[in-house]
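To keep things clear, I will list the structure first and then write my remarks on it.
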Amino acid sequence: MQIELPLLRYFQLNRRDRGTPIVPARSVTGRTLVLLIAIMTFLSCVTLGAVVLVQKSALAWSQDVGRELTIQIRPIEGEVMESNLRTAVALAEATPGVAAARALSIEETQKLLEPWLGAGVDLGAIDIPRLVVVELSDPAEADTDKLAKDLAVVKGASLDTHAAWRQQLNAMAGTIVASGLLVLSLIVAATALAIVFATRGTMASNREIVGVLHFIGASNTFIAGEFQDRFLTIGFRGGLLGGVGAFLFFSLIGVAAGSVMPGAAGQQLGVLFGRFALGVDGIIGILAVVPVIAALTAITSRITVRRFLQRIAS
Amino acid sequence: MIEFSNVGLRYGQGPEILRDLTFRIEPGSFHFLTGPSGSGKTSLLKLLLLSLKPTRGEVTLFGKSTSALNQDELLEMRRHIGIVFQEFRLLDHLTTFENVALPLRVLGQPESSYRANVIELLEWVGLGHRLNAHPPVLSGGEKQRAAIARAVIGRPDILLADEPTGNVDPELSLRLVRLFAELNKMGTTIILATHELPLLESFPFPRMMLDNGEVRFAD
């Protein structure tokens with residue numbers, strides 16, 4: 001069974017009706033350029049994938065963290081901690097937008113300190129601050145200002161909305177995304193420059209053809225179109241090759257990440273960095289890069305050819 | 001049809017190659033353009049083909065001054081002029097048929113609309129059996145006949161030929177000029193540059209003689 005893509009069919013019909021291409025295939029620095037465009041497409045796809053990965057993870061972290069508040073109650077002489085914890089839980093539960101509030105037990109609090117103090121330390125003799133974890137049903141509707149005010153009745157209580165941490169996280173993710181986009185635009189610019197040089201070389205080696213086309217009355221638009229057709233094909237081939245390469249790269253990384261760190265470690269890695277899976281949107285993103293690179297190749301070569309022809313005319 | 005008025009041409013800051021050319025060529029005429037090597041024959045043909053602009057004076061073609069033509073007008077005017085070169089200038093990767101059909105192809109015409117005409121013309125110039133041959137396998141005479149066919153397929157009003165017999169033997173030269181004479185009989189204005197005396201003496205066409213940058217007419 002032969003699958004016919006509408007665009008491919010258009011090119012096939014177009015080409016058949018137009019006979020042998022006026023710009024011979026072997027006169028264009030084809031293979032080298034296909035390879036170069038393939039590498040550039042691959043780098044673009046990988047950069048784009050990394051940017052999407054970071055942005056997705058940062059968004060997920062930010063949302064998770066934003067759904068939780070922490071009330072910290074410092075031990076103060078003369079105050080009964082258990083009573084203060086109950087008051088804080090009650091105040092939190094009475095706040096709009098709060099789904100649940102729960103005081104962490106002594107054991108849970110000690111477990112939180114283990115990474116810093118080590119296991120097996122008896123904290124019974126030390127008064128340590130206690131925490132109430134507040135889960136929000138809707139972060140947008142939660143009245144955290146009211147809760148902060150209400151908590152004034154509990155001595156030693158303070159509310160942590162994690163705002164500063166989220167802000168820092170967003171700033172870091174934003175920097176990575178911006179850097180990724182900058183790298184992406186540099187790759188696109190480098191690709192365009194490479195195509196400009198390749199087109200100039202092709203024009204120089206096809207000067208005789210351009211001369212013949214001129215004296216038989218071909219317009220600059222026609223000549224530019226003939227060269228653009230050649231470069232569009234090269235762009236598609238290179239783009240497709242790079243796109244498939246990037247797809248395989250992400251697939252292999254996904255498989256490798258799962259097999260190298262199976263189980264809990266892999267899960268933690270997933271929580272931290274997101275899954276190394278492309279997902280539907282990732283595949284669509286890579287597919288979108290291919291025609292963009294092909295179009296970039298065709299448009300850049302067309303502009304270069306037209307400039308070349310204008311320079312000849314003047 | 002062709003009118004030159006005080007036309008001068010120089011390349012860059014060099015001396016004038018052509019000086020004060022003033023003449024008129026009537027439609028349907030046949031002229032030999034002759035003169036020693038370096039006398040400016042090719043430069044004059046380039047002026048006529050509009051691939052060079054005169055440094056002074058005015059060239060008028062088809063009743064219109066060429067000095068202020070825009071790109072589209074220049075292109076349109078050039079489509080009424082055919083040219084044949086000494087070195088043929090056929091595209092080696094295209095077949096004889098495709099080379100001859102090229103002027104119609106660049107106009108965007110589909111092959112089905114001109115196929116019969118191109119084949120008829122190729123048969124007329126004696127290349128009916130070489131439709132699918134590529135230029136590298138054609139003889140010098142066949143290449144030149146293909147180049148002539150390419151120059152006339154668009155039915156130009158003016159046909160320019162720059163030493164078209166320079167790469168063929170004397171016998172074939174005569175046959176090629178007879179071909180040009182046939183085209184002239186059908187109404188095409190022809191200017192054929194050559195410095196081969198036997199050719200000039202074999203045909204009764206008037207001569208434009210270029211010498212020292214100036215033109216002189218002789219019957």
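Would you call residue A:189 aliphatic (A, V, I, L, M), out of contact with any Lys or Arg (no Cβ under 8 Å at 6 or more places or on another chain), assigned to a loop (DSSP other than H, G, I, E, B) and not assigned by TED's automatic domain parsing to the domain that holds residue A:105?
no
In the range B:93-119, what residues are outside any helix (DSSP H, G or I) and within 8 Å of chain A (Cβ to nearest Cβ)?
B:93, B:94, B:95, B:106, B:107, B:108, B:110
Consider only pairs whose beta carbons are under 9 Å apart and that are at least six residues apart or on different chains; among these, list those whose first residue lies in the range B:104-118 and is among the polar types (S, T, N, Q) and whose second residue is surrounded by 12 or more Cβ atoms within 10 Å (Cβ to Cβ).
B:109/B:101; B:113/B:104; B:117/B:101; B:117/B:104; B:117/B:153
Which of the following residues is modelled with pLDDT of 80 or more, assigned by TED's automatic domain parsing to the domain that holds residue A:192 and in a helix (DSSP H, G or I): A:57, A:44?
Just a single option satisfies the conditions, and that option is A:44.
Could you list, in sequence order, all residues of the range B:16-65 that are on the phi > 0 side of the Ramachandran plot and outside any strand (DSSP E or B)? Working first, answer last.
First, the residues of the range B:16-65 that are on the phi > 0 side of the Ramachandran plot: B:20, B:28, B:35, B:38, B:40, B:50, B:57, B:62-63.
Of everything in the range B:16-65, those that are on the phi > 0 side of the Ramachandran plot and outside any strand (DSSP E or B) turn out to be B:28, B:35, B:38, B:40, B:50, B:62, B:63.
Can you tell me which of (1) more than 12 Å from every other protein chain (Cβ to nearest Cβ); (2) more than 20 Å from residue A:209 (Cβ to Cβ); (3) free of Cβ contacts under 8 Å to residues at least 40 places away in the same chain is the one residue B:137 doesn't meet?
All conditions are met except number (2).
Within the range B:134-219, considering only strands (runs of 3 or more DSSP E) that don't extend past its boundaries, which have at least 1 residues that are within 11 Å of the chain's Cα centre (by Cα) and among the hydrophobic types (A, V, I, L, M, F, W, C)?
So the answer is B:158-162, B:189-193.
Tell me, please, whether a residue that is buried (at least 19 other Cβ atoms within 10 Å of the Cβ), touching a Ser or Thr at 6+ places or on another chain (Cβ under 9 Å) and not in a helix (DSSP H, G or I) can be found in the range A:202-220.
yes
Which condition number does residue A:246 fail, the rest of (1) farther than 29 Å from residue B:108 by Cβ; (2) modelled with pLDDT under 85 being met?
Unmet for residue A:246, out of (1) farther than 29 Å from residue B:108 by Cβ; (2) modelled with pLDDT under 85: (2).
Looking at the range A:265-281, can you tell me whether even one residue there is assigned to a helix (DSSP H, G or I), at pLDDT 75 or above and over 26 Å from residue A:21 (Cα atoms)?
Within the range A:265-281, one or more residues are assigned to a helix (DSSP H, G or I), at pLDDT 75 or above and over 26 Å from residue A:21 (Cα atoms).
Kindly list the number of the only condition in (1) in contact (Cβ under 8 Å) with a residue 40 or more places away in the chain; (2) closer than 18 Å to residue A:21 by Cβ that fails for residue B:89.
Failed condition: (2).
In the list B:94, B:122, B:102, which residue meets the criterion of being crowded, with 21+ Cβ neighbours inside 10 Å, among the aliphatic types (A, V, I, L, M) and more than 24 Å from residue A:206 (Cα to Cα)?
Details: B:94 fails: more than 24 Å from residue A:206 (Cα to Cα); B:102 fails: more than 24 Å from residue A:206 (Cα to Cα).
The unique qualifying residue is B:122.
Per-residue answers, yes or no, for (1) within 14 Å of chain B (Cβ to nearest Cβ); (2) modelled with pLDDT under 80; (3) within 20 Å of residue A:285 (Cβ to Cβ); (4) in contact with a Gly (Cβ under 7 Å, 6 or more places away or on another chain):
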{"site": "A:4", "(1), (2), (3), (4)": "no, yes, no, no"}
{"site": "A:27", "(1), (2), (3), (4)": "yes, yes, no, no"}
{"site": "A:32", "(1), (2), (3), (4)": "no, no, no, no"}
{"site": "A:38", "(1), (2), (3), (4)": "no, no, yes, yes"}
{"site": "A:52", "(1), (2), (3), (4)": "no, no, yes, yes"}
{"site": "A:76", "(1), (2), (3), (4)": "no, no, no, yes"}
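Any residue at all in the range B:146-155 that is touching a residue at least 60 places away in the same chain (Cβ under 8 Å) and either basic (Lys, Arg) or away from chain A (no Cβ under 14 Å) (or both)?
yes
With at the interface with another protein chain (Cβ under 9 Å from one of its Cβ atoms) and among the aromatic types (Phe, Trp, Tyr) as the only criterion, which of B:32, B:85 stands out?
The match here is B:85.
Could you list, in sequence order, the residues of the range B:66-86 that are part of a loop (DSSP other than H, G, I, E, B), of a type outside the set (Val, Ile, Thr) and in contact (Cβ under 8 Å) with a residue 12 or more places away in the chain?
Restricting attention to the range B:66-86, the residues satisfying the condition of being part of a loop (DSSP other than H, G, I, E, B) are B:66-70, B:79-80, B:86.
The next check asks that each one be of a type outside the set (Val, Ile, Thr); those that pass are B:67-70, B:79-80, B:86.
Listed by number, the residues that qualify are B:67, B:69, B:79, B:80, B:86.
The values are calculated or read from the model by the stated rules, or taken from the named source; none is laboratory data. What you see is a predicted model, and the numbers here were worked out from it, not measured in a lab. Cβ: placed from backbone, ideal geometry, glycine included. Neighbour counts: every protein chain shown.
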